[in-house]
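What follows is a short report on a single structure.
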Amino acid sequence: MAGFKTLDDLPADLTGKRVLVRVDLNLPMADGVATDLTRATAVAPTILELADKGAKVLLLAHFGRPKGERNSTMSLSMVQGEIERVLGREVMFIPEVAGPVVAQAVGILGPGGIGMLENTRFWHGEESNDPAFAAAIAENGDLYVNDAFSAAHRAHASTEGLAHLLPAYAGRSMEAELKALDAALGAPVRPVAAVVGGAKVSSKLAVLEHLVGQVQHLIIGGGMANTFLAARGVDVGKSLCEHDLAAQADAIMAAADASGCTVHLPYDVVVSKEFAANPASLRTCNVHEVAADEMILDVGPQAVEALADVLKTCRTLVWNGPLGAFEMSPFDEGTVALARNAAALTAEGSLVSVAGGGDTVAALNHAGVAEDFTYVSTAGGAFLEWMEGRELPGVAALTR
Ligand code: ADP
Ligand code: MG
């Protein structure tokens, strides 16, 4: 992994230094109240560490999609109270991101004071990565810290531009994420297994294409396994299946063969005639026995057992996408069983396990094992782009 500076590279005393810290405070909201504080909790250690070293901490973040215009319903002041509670400190809200109002506020903040600037996306220059906009923000900072991996796939002024204008450092959450991802796909201990599940091949073609050249075992589950099974001539009945992607599925399997990657598809599956919880028509069968009016909604128990044996031989696992329609019982069973297996191998010290993706995180929480994985990324889009092998501009700017 290319080197990047962390908070360890900063002097112990930052008294009076103005540090612009890019964080992810795009909290999910319902009726004006944040429903999940994971993102705020994740960036708290960086903010507190800088404040405790005497810095004047200026938080930079986006909130919603205001498209370059002020919008009172997307002001970051909406989450000020939540952030204060998470930090256990007072946070001064500053209704600008640049200019004299910010300069004046920074003058008022004492050493260790924390300010929160307005939603960066109220200005067009943010998403267009306008150098003049970035320069105006940089005028009120001495140092730049990026602690928002989840926004690092965007080359915006606050995620990329600023890193070129001020001495740039990765915050603690960014540092942990980059280290975990590097251990999973950058310089992993082999053999490496990847689990790719979820609904559609079309949403993860680039991920699959990249992984076959990186891992020794590619485990395909979820709806996307149906597309691969169908490409191999299996009749998947009424299952979710992208028949028009048969050629791409074949190409991925051929590329896997060429690079010594074994592709694992389920050979038994859990099927039903209706898309509902605990349906009367529920049964488990071999993939070759799916009836024309049945849907594959989970991998079967024999498949899970075989996959658990594969994981036993592996040292690294990267996982994105559930193996079945885990939101409905009992179609969560395959995902839950394999996740628990991976968690146990991780606890034994034989597996480094890294997972990410919105539904994947929900599935691991449902299985009660999110804490037991080596690392679980909540980064969504950035995590998927990283799984595609793409360079993330916000990360590249830190490692320059
Ligand atoms: P992530 O958010 O972790 O990247 P995805 O969004 O790609 O994952 O996929 C999750 C969705 O895939 C879930 O809603 C799940 O119900 C669905 N899914 C998994 N297996 C199947 C299946 N066999 N048939 C239909 N939907 C499925
Ligand atoms: Mg999803």
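The values are calculated or read from the model by the stated rules, or taken from the named source; none is laboratory data. In this text the structure is predicted, and so the values were computed from the model without any measurement. Ideal geometry is used to build each Cβ from the backbone, glycine not excepted, and the neighbour counts take in all protein chains shown. Quick note on the areas: whole protein, heavy atoms, side chains included, nothing else; ligands and nucleic acids left out. Shrake-Rupley method; radii C 1.70, N 1.55, O 1.52, S 1.80 Å.
Details
- Residue, farthest from ligand 1 (Cβ to nearest atom), within region 361-396, restricted to residues that are among the polar types (S, T, N, Q) and within 22 Å of V189 (Cβ to Cβ): T374
- All told, Q80 meets the bar of being touching a strand residue (DSSP E or B) at 6+ places or on another chain (Cβ under 6 Å) and not in a loop (DSSP other than H, G, I, E, B).
- Residues that are within 29 Å of the chain's Cα centre (by Cα) and surrounded by fewer than 20 Cβ atoms within 10 Å (Cβ to Cβ) within region 223-241 comprise just one, L240.
- Per-region count, region 230-249, residues within 11 Å of ligand 1 (Cβ to nearest atom), in contact (Cβ under 8 Å) with a residue 40 or more places away in the chain and not hydroxyl-bearing (S, T, Y): 3
- In summary, helices (runs of 4 or more DSSP H) completely within region 149-259 and bearing 1 or more residues that are of a type outside the set (S, T, Y) and within 16 Å of ligand 2 (Cβ to nearest atom) occur at 205-211, 222-231.
- Residue check, T73 open to solvent by 10 Å² or more (accessible area, probe 1.4 Å), over 27 Å from Y169 (Cβ atoms) and out of contact with any Asp or Glu (no Cβ under 8 Å at 6 or more places or on another chain): yes
- Residue among V201, V196 that alone is modelled with pLDDT under 95 and buried (at least 24 other Cβ atoms within 10 Å of the Cβ): V201
- Out of L364, L323, L317, L351, one residue alone is within 16 Å of ligand 2 (Cβ to nearest atom), over 20 Å from S239 (Cβ atoms) and at pLDDT 95 or above. It is L364.
- Pairs where the first residue, in region 31-55, is farther than 14 Å from Y169 by Cβ and among the acidic types (D, E) and the second is outside any helix (DSSP H, G or I) and open to solvent by 50 Å² or more (accessible area, probe 1.4 Å), C-beta under 8 Å, 6+ apart: D36/P28
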